[in-house]
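Visitor: The structure is given below, and queries will be raised subsequently.
Nothing in this text is a laboratory measurement; each read-out follows from the coordinates by a stated rule. Every value quoted in this text rests on a predicted model; they were computed, and no experiment measured them. All Cβ positions, glycine included, derive from the backbone under ideal geometry; neighbour counts span all protein chains shown.
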Amino acid sequence: MRKERFRYNPKTLSYEREDLSFVKRVLRLSLWLSPSIVLGLLFGLFFTSSMESPQERQLKADLKKYESEVIRMRSDIDLVNNVLDDIEKRDEDLYRMALYTDKFPEELRRMGAGGSDKYNYLRKLPNSKLLVNTASSIDALERRLHAQTLSFRELIQLAKDKEKMLACIPAIQPVRNTDLKRLASGYGYRIDPIYKTRRMHSGMDFTADIGTEVYATGDGVIELVERKRWGYGKQIIIDHGFGYKTRYAHLSAFKVRVGQKVKRGDLIGLVGSSGKSTGPHLHYEVLKNNKAVNPIGYYHSDLTPEQYEQLLEMSEKSYKALD
């Protein structure tokens, strides 16, 4: 049975039964239920915020795993950087010193990257600071590796050039002289055999019979094949590159032509006594940057240390030249 309500009417000075409309009834019911609704919403919000769904738990676990992987990657990057430090030190202190070349430019080793906004796409992600630092470290490592690659390419080319240079630099005697008995005059001031005056002898004289074979002392290209009645007479000049040339004078015959490529030990001519010569012999010169130097330092490929010392002593004691 519905409970009846009465309201006092001052005009009639009596209580009258109150009849509520449908709207008023709904409003009254809403006011009565609203605290319960609000309380229920608060409880629902609390539980949904404090309790994780299985999907959220999985996402958090994955995020933790990825964070651990990034931290491990940074450790690997540090290790690679340490190894690269050692490689760069060997590059500068060993390889470049051995090849007599300049240091690799430091500005190329520390080449710049993109602008500061390069990592903006990472700044909106979880653990953005860790991600940005890791990405920056990887970029820096890539730049160092690229620079070291450029350095190694340069060193490889230098090594190839050095190997070629070693093949080109004069390194043997121009005639067979295993018993070291062919040396007649060394490099330095000597008595001219014709004018009897003291003058500079810019090469070494090797006595030999006419027709004795003469050999190229290093790889090169025949620059000059010349015949003269005086001076060097019949002579050959080989351009070895790298600033080196050799002269073979007073020959009796040529076995090469201008422009021909020769290897160390190739036959190029025959001993003679042409030009300003007082007897059969080979006048041999080594020129460095077009300036005559002492050939005694260019026989290392066919002399033992003992033979070199013996030949050096003989050259210093020979005071009379044959040309």
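Visitor: Could you go through the stretch 255-271 in sequence order and give the Karplus-derived ³J(HN,Hα) for each residue, using 6.51 cos²θ - 1.76 cosθ + 1.60 with θ = phi - 60°, rounded to whole Hz, and x for Gly and Pro?
Guide: These are the phi-based 3J(HN,Hα) values: 10, 9, 10, 4, x, 6, 7, 10, 10, 4, x, 6, 6, 10, x, 10, 4 Hz.
Visitor: Spin-label point model (7 Å from Cα, Cβ direction): what's the Ile210 to Leu108 distance in nm?
Guide: Taking the simple label geometry, Ile210 and Leu108 are separated by 5.8 nm.
Visitor: Work out, in µm²/s and without decimals, the Stokes-Einstein translational diffusion coefficient of the stretch 67-168 at 25 °C, 0.890 mPa s, Rh from Kirkwood over C-alpha pairs. Mind showing how you got there, number by number?
Guide: Working: Rh = 15.9 Å.
In µm²/s, the coefficient rounds to 155.
Visitor: So which of Lys160/Lys181; Lys263/Lys291; Lys181/Lys288; Lys160/Lys255 end up more than 32 Å apart, counting from Cα to Cα? Kindly include the intermediate steps, with their values, before the conclusion.
Guide: Values: Lys160/Lys181 37 Å; Lys263/Lys291 23 Å; Lys181/Lys288 27 Å; Lys160/Lys255 30 Å.
Too far apart for the 32 Å limit: Lys160/Lys181.
Visitor: Spelling out what I want: for every residue of the stretch 211-218, take phi, set θ = phi - 60°, compute 6.51 cos²θ - 1.76 cosθ + 1.60 (Karplus), and round to whole Hz; glycine and proline get x.
Guide: Using θ = phi - 60°, the values come out as x, 5, 6, 10, 10, 5, 8, x Hz.
Visitor: In what sequence, highest mean first, do 179-191, 211-223, 299-311 appear when ranked by Cβ atoms within 10 angstrom? Don't skip to the answer; put the middle values down first.
Guide: Details: 179-191: 16.8, 211-223: 20.4, 299-311: 14.2.
Sorting 179-191, 211-223, 299-311 by mean packing, highest first, produces 211-223, 179-191, 299-311.
Visitor: If you take every residue apart from Val175 with its C-beta less than 10 Å away from the C-beta of Val175, what net charge results, scoring Lys and Arg +1 and Asp and Glu -1? Let's see the in-between values first.
Guide: Numbers: positive: Arg176, Arg182; negative: Glu213.
Its environment carries a net charge of +1.
Visitor: A further question on this structure: About its Cα centre, what dipole magnitude does the stretch 67-168 give when the only charges are +1 on Lys and Arg Cβ and -1 on Asp and Glu Cβ, stated in debye to the nearest 20? Intermediate values should be presented prior to the final figure.
Guide: Details: 18 positive and 19 negative charges, 49 e Å.
For this selection, approximately 240 debye.
Visitor: For a quick check: with amide H placed at 1.01 Å from N, whose amide H comes under 5 Å from Gly269's, ignoring anything fewer than 5 positions away on the same chain?
Guide: Val214, Lys255
Visitor: Ranked from highest to lowest mean number of other Cβ atoms within 10 Å per residue, what is the order of the peptides 140-149, 192-201, 267-276?
Guide: Working: 140-149: 15.1, 192-201: 12.1, 267-276: 20.4.
Descending packing order for the listed peptides: 267-276, 140-149, 192-201.
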